[in-house]
Every structure is written in C-alpha cells, then in structure tokens.
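Accompanying notes for the structure given below.
Computed from the coordinates by the stated procedures, all read-outs in this text should not be read as laboratory data. Remember, predicted model here, so these are calculated numbers, not experimental data. Note that we place each Cβ from the backbone using ideal geometry, even for glycine, and neighbour counts take in every protein chain shown.
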Amino acid sequence: MTRIAVLGAGSWGTTLADLLARNGHEVRLWAYEAEVVESINSRRENTVYLPECRLAEGLTATSDAHAVLGGAGLVLCAIPSHAVRAVLKGVAGSLPEGLLCVSATKGLEPGSLKPASEVIGEVWPGARVVVLSGPSFAMEVFQGQPTAVCAASRDEDAARETQQQFATARFRVYWSRDPLGVELGGALKNVIAIAAGILEGLGLGFNPRAALITRGLAEITRLGVAMGADPMTFAGLTGMGDLVLTATGQLSRNRTLGVALAQGQSLADYTAAHRTVAEGVGTARAAVELGVRFGVELPICQQVSQILFEAKSPAEAVKDLMERALKMEQWR
C-alpha cells in the first residue's frame, strides 16, 4: 500500500483519488473549497464536482496541502492548468527528492504556454514527472466502465511504476516515452471539441463532424511535431482516442460549451453559470500563440479563438473554414 497525495478535487481528481483508494492505497485529497472537504469527509461524496457518487472509505480530504503531501510516496496533480504553478509553489518545501509526481492536468499554462509537466518540473525539479492522459470521462471511470489511458515519461521506470499503481481490471494503463505528445493531445483536443459542439449547436450533421475531427487531428499533429513530439502519439489513445471521445461524447464540457456558443450564449454568460472548467477556452488562445511561435497553420483553432474572444459568428467561422484556398490533404 502506498500513501498517495492528490492535489485537486474536481471531477477528475476525485475520480482518480477514488480509483486509487479502491486499489488499496491510502489516499489524501487536497481541495480548495471547504464545502468539498466537508462533503467528502462527512458524506463520502463530492457534492460539488462528483455528486451522487459514494467514495471509497480509504479516501480523506483536507484543505491543507502540506498535510496531504506529508509522507506521500506518490503525488497526483489534477489542478486546472492556470493554477498549477501557484499551488505547487506554495508547497514546494514539502516534496522529498525523487518523489513520483503524476500530472492529470489537461491544458497549457497561460503566458508561458507550457504543459503542466514542464511547470511541475520547474517548480519541483527533484520530482520524477509522469503524464497520465487518455479518453476518459470521469463519471464513466467512476462507474467502472472499461477505460484505457496512457502514462508517459522520459523516465521509463517512472512511467511503468505509474502504470502499476493506477491499473485495475477496468482501468487499463499503457506507457509511453512521449510525454509532450501525450500532453499536447490531451490539451488541444479540447479546442476541437468546442468546435464540434458549435457544429452541433448550428444543427449540422455527421459529414461536418467527420471533417472537423479529421482536420482537427491534422492540426494537433502538425503543431505537436513542430514542437518535438512523436507523430505516432497522435494516432493513439491520447490523440485520436481522446479527440473522438471529447468531440462526440455527451459528457464533454468543451463540446457542451460549443453547443451553447452556437445557440447564441456568450462565453461570459456561460462561464458565470457553470462551476466546472472548460479547459479548451484557455487552450484555444494558447494554441493560436503556439502556432505563431512555431510557424504552424491552425485554422480551426484560430476560428474557435475568434468565436470565444472576438465575438465572431459561429456560422461565419464555418463559412471561412470551408472557403479557404484548396490544397492537398496532408498533415504537414
């Protein structure tokens, strides 16, 4: 049995904490909100982010991040991308050298445009960092539906150790040496999922959805390869797999946001009415900036960003994408 610290009690952090507790580990979960801590400890339920799901008895919650990290043999980071650096800096002194740190954060840090694993490596330079990602809705994982994900690290031993700690009969974990590709796939697919929701909200059908997913994967791959990732990663679980799930699944927060935008709701109004984070919002702006930095054309990401931040009409965005100059089909 390993003592595991989980930082971040959203739906994904809570679900993984529950999975680890049911796997026989002692799990302590840090939550920012006092009401989340109270509901987990007193009612065995995260009433805010994972309601009506009874959590494992081996899972406890606290708002004291230093206490969570004390004696931990593994740390799981499931903090929203914009807050990773600030939270980890606050507890950097609590981390022993060589501790295994698994990042389940999907998104890019605003400003630096760095994936969470790089941020963790900067703030906790002594940690062995692994990225955990793949097509996995939190609710379906909690329900025990068969799910496959990937643990990626340049440190093969760390990736394999993560694989062993998280794997169950219903949660299959593969390992990879390409953390950058795994992380970029998990982040950028959220932008394409917003676009998929926009198509649905406009009443469009299966043809445009298939075109969007295919060309969206081409954009993700182009940028990933330009940044140094393995192109084959994007054909796997954390590329095509996660993209298909998030662009088509009813549980996708990013797809749901896209539907709302196409039906006339503003980003500000949608955000005010929803407590959970749609990571694709910040990632859309970051993707456009990365495209400029690496000289990569990202037309779908650009249109999504304009809809989100420049009040562009979704219908006009579709028109502009379809009327671009004709060219050969290739991802390069």
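Brief remarks on what is shown
- FRET efficiency estimate (nearest 0.05) - Cβ-Cβ, ALA226 to GLU35, R0 56 angstrom: 0.85
- A convex hull fitted to the Cα coordinates of the stretch 1-69 yields 64 cubic angstrom per residue.
- Karplus (6.51, -1.76, 1.60) ³J(HN,Hα), θ = phi - 60°, over the stretch 104-120, in Hz, Gly and Pro reported as x: 10, 7, 10, x, 10, 5, x, x, 6, 6, 8, x, 4, 4, 5, 4, 4
- Cα-based Rg of the stretch 271-332 normalised by 2.2 N^0.38 Å, two decimals: 1.28
- Annotation: Cα Rg of the stretch 213-272 relative to the compact-globule expectation 2.2 N^0.38 Å equals 1.36.
- Cα-based radius of gyration of the stretch 84-172 once divided by 2.2 N^0.38 Å, which approximates compact folds: 1.16
- Distance between the stretch 36-85 and the stretch 243-316 - C-alpha centres, whole angstrom: 28 Å
- Under the convention that each Lys and Arg Cβ holds +1 and each Asp and Glu Cβ holds -1, the size of the dipole of the stretch 1-150 around its Cα centre is about 240 debye.
- With Rh defined as the Kirkwood radius, the inverse of the mean 1/r over Cα pairs, the Rg/Rh of the chain is 0.96.
- Once C-alpha pairs closer than 8 Å and six or more residues apart are averaged by separation and normalised to the residue number of the stretch 9-160, the relative contact order reads 20 percent.
- Kirkwood Rh, angstrom, the stretch 3-177 [1 / mean 1/r, Cα pairs]: 15.8 Å
- Fraction of the pair-distance distribution of the stretch 168-229 above 14 Å, Cα-Cα pairs, percent: 64 percent
- Within straight-line reach of LYS312, meaning a Cα separation under 13 Å, sit the following aspartates and glutamates at least 8 residues removed in sequence or on another chain: ASP320.
- In straight-distance terms, cross-link reach from LYS106 covers every one of the aspartates and glutamates whose alpha-carbon lies under 12 Å from its own, apart from those fewer than eight places away in the same chain; here that gives GLU183, ASP242, GLU279.
- Debye intensity ratio in log₁₀ form over the Cα atoms of the stretch 31-106, taken at each q of 0.16, 0.19, 0.24 Å⁻¹: -0.66, -0.92, -1.27
- Less than 5 angstrom separates the built amide H of LEU100 from those of VAL75, ARG128, all sequence-distant by 5 or more or on a different chain.
- Alpha-carbon Rg/Rh ratio, for the stretch 172-283, with Rh computed the Kirkwood way: 1.00
- Point-charge dipole on Cβ atoms (K/R +1, D/E -1) for the stretch 180-322, about Cα centre, debye to 20: 160 debye
- Residue by residue, the stretch 73-87 carries 3J(HN,Hα) couplings of x, 8, 10, 10, 9, 10, 8, x, 4, 6, 10, 4, 4, 4, 5 Hz when phi is fed to the Karplus relation 6.51 cos²θ - 1.76 cosθ + 1.60 (θ = phi - 60°); x denotes Gly or Pro.
- Residues listed by number, the stretch 1-34, amide nitrogen under 14 Å from THR168 label point at 7 Å toward C-beta: 12-27
- Here the chain is assigned +1 on the Cβ of each Lys and Arg and -1 on the Cβ of each Asp and Glu. Its dipole about the Cα centre then comes out at about 380 debye.
- The angle separating the long axis of helix 253-262 from the principal Cα axis of greatest extent in the chain is about 30 degrees.
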